[in-house]
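The values are calculated or read from the model by the stated rules, or taken from the named source; none is laboratory data. Here the structure is a predicted model, which means the values were calculated and not measured. With ideal geometry, Cβ positions are generated from the backbone for all residues, glycine too; neighbour counts draw on all protein chains shown.
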Amino acid sequence: MQVSDHIQVKVWRGDASGGSFAEFDVPQQPAQTVLDVVTWIQRHADSSLSYRFACRVGMCGSCAMMVNGIPRWTCRTHVNKVVQDNRLTIEPLRNLPVIKDLACDMSEFFDKWKRAEGQFSGTDTRANAVAAISPAEPTRRAANAAIECINCAICYAACDVVKWNPNYLGPAALNRAWSLQNDSRDRCHGERLQAVSADGGCLSCHSQQGCASYCPNELNPTASIAGLKKMAAGAFMKKKYRDRHG
Ligand code: FES
């Protein structure tokens, strides 16, 4: 816990064409989160500051920002855990275009979900009985392990492959694809596997584990992507065998 009752906060201000840091002196409060700090600045120091949040309880994923160089969900990040020498530096998420100040354009992030066939495709209707899926089934356990993603894009900001290769689908889209590939009710496994095996898909991952290190929900997209790689390799070998032996 810091001794001073104020924090020196540098906040990135600007848009897609560029910008610079502005400095603010913010009163420190007990149990204060980084989102509280940004909100204080907007309400008391500069009402033109743009940022994004909704739930304030770690559910919606909209409040992610870079805090002292690390991507974090700011509504669940207490200042006293991350403040360094009584200073905070707050920037928009890495690897996404900036709209204004701390608000990023999430279009490419969600477009990649679409490219990875990240939507559930079932064929059952209300007329069908509810599918009986045992929670103990290995595929259900694999799906469950990946399912709690809140789309905060922290993994996307943490990923160096995304930075180097803008075509790469990224950890969140691939993690989503993995959870659907393990959902026995889904009917799109073949198309999805093709989508995530294409250029910029799972085979582009270098397994550096930045995504797993920073995911606020403690998911492991690297493990999900490894599962997709194995699935893609298995499908490739099966096809080779079929081509050779009919
Ligand atoms: Fe919803 Fe932070 S405001 S996760």
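Within segment 64-103, how many residues turn out to be hydrophobic (A, V, I, L, M, F, W, C), over 17 Å from GLN8 (Cβ atoms), touching a residue at least 60 places away in the same chain (Cβ under 8 Å) and not in a strand (DSSP E or B)?
Selection size over segment 64-103: 3.
Has segment 21-29 got at least one residue that is within 28 Å of SER213 (Cβ to Cβ), more than 15 Å from the ligand (Cβ to nearest atom), surrounded by fewer than 16 Cβ atoms within 10 Å (Cβ to Cβ) and at pLDDT 95 or above?
Among the residues of segment 21-29, at least one is within 28 Å of SER213 (Cβ to Cβ), more than 15 Å from the ligand (Cβ to nearest atom), surrounded by fewer than 16 Cβ atoms within 10 Å (Cβ to Cβ) and at pLDDT 95 or above, which makes the answer yes.
Please go through (1) farther than 30 Å from SER47 by Cβ; (2) within 16 Å of the ligand (Cβ to nearest atom); (3) buried (at least 21 other Cβ atoms within 10 Å of the Cβ) for CYS152 and return the number of the only condition it doesn't satisfy.
(1)
Can you find even one residue in segment 210-229 that is under 24 Å from SER121 (Cβ atoms) and more than 19 Å from the chain's Cα centre (by Cα)?
yes
I'd like to verify a number: residues in segment 63-103 that are within 8 Å of the ligand (Cβ to nearest atom) and either surrounded by fewer than 20 Cβ atoms within 10 Å (Cβ to Cβ) or more than 14 Å from LEU35 (Cβ to Cβ) (or both), how many?
First, the residues of segment 63-103 that are within 8 Å of the ligand (Cβ to nearest atom): 63-64, 73-76.
Within this subset, residues satisfying the condition of being either surrounded by fewer than 20 Cβ atoms within 10 Å (Cβ to Cβ) or more than 14 Å from LEU35 (Cβ to Cβ) (or both) are 76.
Qualifying residue count, segment 63-103: 1.
Test MET106 against the stated conditions and say whether it is farther than 18 Å from ASN217 by Cα and within 16 Å of the ligand (Cβ to nearest atom).
On the way: farther than 18 Å from ASN217 by Cα: yes; within 16 Å of the ligand (Cβ to nearest atom): yes.
Taking the combined requirement at face value, the residue satisfies it.
Does GLU137 count as more than 30 Å from SER48 (Cβ to Cβ) and either within 22 Å of the chain's Cα centre (by Cα) or more than 16 Å from the ligand (Cβ to nearest atom) (or both)?
Details: more than 30 Å from SER48 (Cβ to Cβ): yes; either within 22 Å of the chain's Cα centre (by Cα) or more than 16 Å from the ligand (Cβ to nearest atom) (or both): yes.
In short, yes.
I'm checking my understanding of the structure. Among residues of segment 180-233 that are outside any loop (DSSP other than H, G, I, E, B) and of a type in the set (Ser, Thr, Tyr), which one is surrounded by the most Cβ atoms within 10 Å (Cβ to Cβ)?
At the first step, the residues of segment 180-233 found to be outside any loop (DSSP other than H, G, I, E, B) are 180-181, 189-197, 202-204, 210-214, 221-233.
Checking the rest, the ones that are also of a type in the set (Ser, Thr, Tyr) come to 197, 204, 213-214, 222, 224.
Values: SER197: 17, SER204: 18, SER213: 14, TYR214: 20, THR222: 23, SER224: 29.
Per the stated criteria, the residue is SER224.
Exactly one condition in (1) under 29 Å from SER17 (Cα atoms); (2) of a type in the set (Lys, Arg); (3) more than 13 Å from the ligand (Cβ to nearest atom) is not met by ARG52; state its number.
(3)
What do you reckon, is CYS60 farther than 16 Å from LYS100 by Cβ, within 16 Å of the ligand (Cβ to nearest atom) and in contact (Cβ under 8 Å) with a residue 60 or more places away in the chain?
Details: farther than 16 Å from LYS100 by Cβ: yes; within 16 Å of the ligand (Cβ to nearest atom): yes; in contact (Cβ under 8 Å) with a residue 60 or more places away in the chain: yes.
For CYS60, the condition - farther than 16 Å from LYS100 by Cβ, within 16 Å of the ligand (Cβ to nearest atom) and in contact (Cβ under 8 Å) with a residue 60 or more places away in the chain - is met.
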